[in-house]
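*Asks:* Mind having a look at this structure? Questions to follow.
No lab work stands behind these numbers, since they all come straight from the coordinates. Since this is a predicted model, take the numbers as computed values, not measurements. Here the Cβ positions follow ideal geometry from the backbone for every residue, glycine too, while neighbour counts run over all protein chains shown.
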Amino acid sequence: MNRDGGSHGWPRIVLGFGLIFAVFALFFAAGFGITAFIYRYTGPPPEVLAHILSGLTAFLLLGAVVGIFQAIRRHSDVAKRHQGIHNQLLDALAQIAQGNFEVLIDTDDHHVHHDIAHAINEMAKNLGTLETMRQDFISNVSHEIQSPLTSIRGFAALLKNDSLPAEQRQHYAAIIEAESKRLSSLSENLLKLSALENGKKPLSFRDFRLDKQLESVALTLEPQWSAKRLLVEADLQKCSFYGDEDLLSQVWINILHNAIKFTPEGGQINITLTADGDMGVVKITDTGAGIAPEEQFHIFERFYKVDKARDRSLGGNGLGLSLVKKIVELHGGRVTVDSEITKGSVFQVFLPGLHCV
C-alpha cells in the first residue's frame, strides 16, 4: 500500500516542480523582455548588471501578480462576509416582524454593519419588553375586571331568592353597588391614564393657591380619617403654583387616600408644604404599615400592589400611584417614597416654579 501510494505521488511532485519552473521561466522571460525594451532607449549596461536587472524585474513582476491575487482574494472574502452579515440582518428583521423578539446578532466593533446590528439588537430587546408589558397589562386588566364581575354575578344570583330577609338583601345589594363603583373607578382611571400618556387630555394651567388646595383635599377626606380616629395635621406655607388644578388635586387625593387606607386606627398623618427657592416640596407622612424596600421600586407601576389580597379587600386597583407619577411629571416635577415596614411611609412631591410668601 505504501509503495503504491508513493509511486502514485511522484508524478504529482514532478508536475508541481514543473509548474513552478514554468512560472519562474515565464516571469524571467517577461523581465528580460521589459529590460531589453528599456535598453533600446537607455543603451545596454554591462552584461552582468543586465542579467541582475532582468532578474530583479522578474521578481518584482512576480510579487506584483501575487499581491494582486491576494488583494482579489481578500476582497472576495470581505464581500462574502458582508453578504453573510447582510443576510443575517435581513433574517433578524424578518423574525422580529413575525413577533420573535429574542433574536440576537453577533456584533463586531470593526465591522461596517456594527451600528445597524447593535440597533437591531436594541430594537428587539425593547420590543420584547413592550410585548411583556402589553401581556401583563391585558392580564392585569382582565383580573381586575373579572374579580368584581364575579362578585356582582354571584350576589345578583342570590338576590333572586325571594325568601331572603330584607337585611341580607340590603347587604348583597350594597356589595353589588360597591363592586360596580370599583369597576367604574377602574375604567375612569384607565381612560384618564391613557389620555395623559397619549397627550389627548389638554392641560388647563392657571395660578392657584397650593396650600389652599391641600387643605381642601384634607377636609374633603375628613369622613374617612375621622372614622378611623386618625390625627391629621397640616403645616402649609402660603404658596401659589401655575399648573392644572384639577389634576394636582387628584395627586393629593390619591396619596392621602392610600395613607388613610393603610394607617391603622389611632394613627397619624402629617401634611407639609415648604419651599426651597422656587422648588416646592409637598410631604405626606403616615404611621401606616409601611412598604418593603424591594417593593418601593414598583409602587408607581400600573396595577402593582404591595399586598394584593389586602388591596382587593379595600377596593384598590393599583392605578392611583401611576396617575400620581404621570401628573407630577407633566408638571415638570417628581415623586419619591421613603418607607419602612411597621413605621409608615413618607411621600414627597417636588414641584418647580412655586411662589411662596
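*Asks:* Check Lys228: other-chain or 5+ apart residues with amide H under 5 Å from its amide H, H built from backbone geometry?
*Replies:* Here the answer is none, since no amide H 5 or more places off falls under 5 Å of that of Lys228.
*Asks:* Calculate, in nm to one decimal, what Leu183 and Phe208 gain on full extension: separation in residues at 0.36 nm each, minus their alpha carbon distance.
*Replies:* 5.8 nm
*Asks:* Quickly rank 94-105, 326-337 as a protection proxy: mean count of other C-beta atoms within 10 Å, highest first.
*Replies:* Peptide ranking by packing, descending: 326-337, 94-105.
*Asks:* Quick query: amide H of Gly280 versus all other amide H atoms, modeled in the peptide plane; which residues come in under 5 Å with a sequence gap of 5 or more or a different chain?
*Replies:* Leu351, Gly353, Leu354
*Asks:* Rounded to the nearest 0.05, what FRET efficiency do Ile34 and His114 give with R0 = 56 Å and r taken as the Cβ-Cβ distance? Could you check?
*Replies:* Here the calculated transfer efficiency is 0.80.
*Asks:* Between Thr42 and Ala292, what is the label-to-label distance in nm when each label sits 7 Å out along the Cα-to-Cβ direction?
*Replies:* If labels sit at Thr42 and Ala292, their model points lie 8.9 nm apart.
*Asks:* Ranking request for peptides 163-175, 274-286: highest mean number of other beta-carbon atoms within 10 Å first, then the rest in descending order.
*Replies:* Packing proxy ranking, top to bottom: 274-286, 163-175.
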